[in-house]
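J.: Quick one: structure below, then a few questions.
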Amino acid sequence: SQTEPYTCGACGIQFQFYNNLLEHMQSHAADNENNIASSQPRSPLAVVEEKWKPQLQRNNANNTSASGSVGNSAIPEKERQNIAERLLRVMCTDLGALSVVSGKEFIKLAQTLVDSGARYGAFSVTEILGNFNTLALKHLPRMYNQVKVKVTCALGSNACLGIGVTCHSQSIGPDSCYILTAYQVEGNHIKSYVLGIKGVDIRDNGDFIHHWVQNVLSEFVMSEIRTVYVTDCKVNSSAFSKAGMCLRCSACALNSVVQSVLNKRTLQARNMHEVIELLNVCEDLAGSTGLSKETFGSLEETSPPPCWNSVTDSLLLVHERYEQICEFYSRAKKMNLIQNLNKHLLSNLAAILAPVKQAVIELSNESRPTLQLVLPTYVKLEKLFTSKANDAGVVSKLCHLFLEALKENFKVHSAHKVAMILDPQQKLRPVPPYQHEEIIGKVCELINEVKESWAEETEFEPSTKKPRAAGEATAAQEEDWFGKNEVYDYLQEPLFQATPDLFQYWSCVTQKHTKLAKLAFWLLAVPAVGARSECVNMCEQALLIKRRRLLSPEDMNKLMFLKSNML
């Protein structure tokens with residue numbers, strides 16, 4: 001059986017399967033052909049003159065009677081490919097264009113442009129090019145492979161041999177789909193690539209999703225690459241743990257914390273009727289007009305991620321906009337709703353829930369690293385719930401429940417602990433001293449696990465090391481092969497006072513802290529939250545295509561791939 005990977009001679013990327021290598025090489029060939037063709041100087045007028053002038057002369061602006069005589073050969077195959085690429089770009093700009101590009105008005109527009117531009121004759125767009133959808137989809141596999149080879153090369157050139165992968169579902173009504181995204185650091189920025197999108201049935205189990213993820217990943221990266229998976233609660237994390245570290249989406253986890261405590265059946269079973277009544281009144285106040293955000297304003301400048309679907313939003317809205325809401329309902333002569341509101345309990349609950357929602361927003365930031373914030377967030381919320389657990393009455397009960405739910409649902413993985421240390425503004429500061437040695441041990445364990453894959457990656461370092469003196473290799477250096485000395489040297493350096501650009505920082509200290517820098521460029525690219533802001537829009541479009549049967553599932557996946565990675 002084949003054990004050695006197949007290597008692309010053009011770019012050096014390795015593949016587990018021969019078919020994937022063949023597809024990759026074909027994409028190189030297509031890309032090279034297009035580059036050669038596009039690099040040749042071309043005069044648009046010369047092309048028109050050479051290809052179209054012999055076919056027919058334009059006598060007047062309305063000369064369309066002769067157009068029927070123009071055969072499909074009037075446009076060479078290369079021109080048809082260029083037009084197909086433009087159509088695919090239109091489709092990727094807005095997938096609603098799938099139906100637009102075959103509509104009468106679009107055909108009329110194209111015909112007008114051709115008539116105006118073709119100075120040496122006009123022809124029927126439909127006769128020459130046929131159905132635009134058909135033309136574009138005919139060239140979809142070629143363009144998909146061209147973009148795919150670029151994504152594969154980008155992921156294959158990963159300097160720290162580690163990536164982050166999110167597999168997260170998004171529900172739109174009764175339907176849902178999974179989006180698979182890879183993350184890595186390029187330069188000093190996190191770059192994401194949507195690798196696949198798949199509509200799923202609610203009956204599909206976690207193992208089914210795991211097999212799909214592994215199949216897609218095998219087309220883009222070698223199995224040797226270190227992977228941290230971030231998944232939602234519907235995915236079987238144990239299956240993913242065999243292929244790499246598997247973390248739960250932090251927004252999903254905090255959502256579960258809140259939902260488990262404020263579930264109305266649970267509250268009823270615990271005789272916490274005043275909390276149920278408060279939630280009901282807040283829902284009525286915030287939602288009865290149907291214009292809560294428009295009427296009272298939005299609570300935050302940055303929205304939480306799509307997987308945050310909490311009962312807290314109406315409660316926080318009522319608390320934040322209490323005065324405006326009172327005035328609004330007073331004018332509407334519906335003050336009975338306000339009179340049923342337990343203002344004291346509302347304030348206490350808002351003081352507990354507002355920090356939870358703010359934490360979700362911070363953890364879902366898409367412009368900078370977030371994995372290092374997970375453990376500090378856990379510590380912060382644990383302190384918050386503990387401090388209020390000594391209050392009297394129902395608030396104390398709720399805080400005890402929140403503490404239990406936090407421990408049960410918001411799991412802190414070793415990757416979260418290591419990521420926290422890799423933030424020079426935090427290091428070990430957020431956690432108590434008795435946890436320090438354990439976390440340092442986790443860092444060294446991770447360095448030990450992955451050090452073999454770094455042995456040949458000397459190009460990661462910005463400059464060569466100074467040669468060691470003879471006999472300098474000691475037991476202490478052998479210990480430092482596991483990184484412990486390097487970790488302690490790093491921890492002894494003073495904390496940053498200002499929030500640093502983490503990748504800029506690790507770029508500057510790569511030679512000094514080589515092992516830690518490699519961990520940083522891998523782990524800090526992994527997002528804490530698996531769902532991104534564009535997930536809802538992507539899934540809406542994918543499910544619309546599926547419902548209307550506009551494309552096959554395979555073509556839909558390819559078009560969504562182009563939409564995400566080409567523009």
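The values are calculated or read from the model by the stated rules, or taken from the named source; none is laboratory data. As the structure is a prediction and not an experimental result, all values here were calculated from the model. Heads up, the Cβs are rebuilt from the backbone with ideal geometry, glycines too, and the neighbour counts pull from every protein chain shown. SASA here: full protein model, heavy atoms, side chains in, ligands and nucleic acids out. Shrake-Rupley method; radii C 1.70, N 1.55, O 1.52, S 1.80 Å.
J.: When ranked by the protection proxy of mean other Cβ atoms within 10 Å per residue, highest first, what sequence do the peptides 483-490, 223-230 form?
T.: On the way: 483-490: 17.4, 223-230: 20.4.
Highest-to-lowest ranking by the protection proxy: 223-230, 483-490.
J.: Please compute the volume of the convex hull spanned by the alpha-carbon atoms of the range 239-279 and report it per residue in Å³.
T.: Dividing the Cα hull volume of the range 239-279 by its residues yields 77 Å³.
J.: Where the centroid of each part is defined by its Cα atoms, how far is the range 311-377 from the range 540-557 in Å?
T.: 37 Å
J.: Net charge near residue 541, counting Lys/Arg +1 and Asp/Glu -1 over other residues with Cβ under 15 Å of its Cβ?
T.: +3
J.: With r defined as the distance between the Cβ atoms of residue 218 and residue 504 and R0 fixed at 25 Å, what FRET efficiency is calculated, to the nearest 0.05?
T.: My answer for the efficiency is 0.15.
J.: Compare 423, 175 by solvent-accessible area with a 1.4 Å probe and give them largest first, with all protein chains kept in place.
T.: 175, 423
J.: What lysines could a cross-link reach from residue 563, if we take a straight Cα to Cα line under 28 Å and drop same-chain neighbours fewer than 8 places away?
T.: 78, 104, 108, 138, 148, 150, 191, 198, 234, 546
J.: May I pose another question? Could you rank the peptides 192-199, 544-551 by their average count of other C-beta atoms within 10 Å per residue, with the highest value first?
T.: 192-199, 544-551
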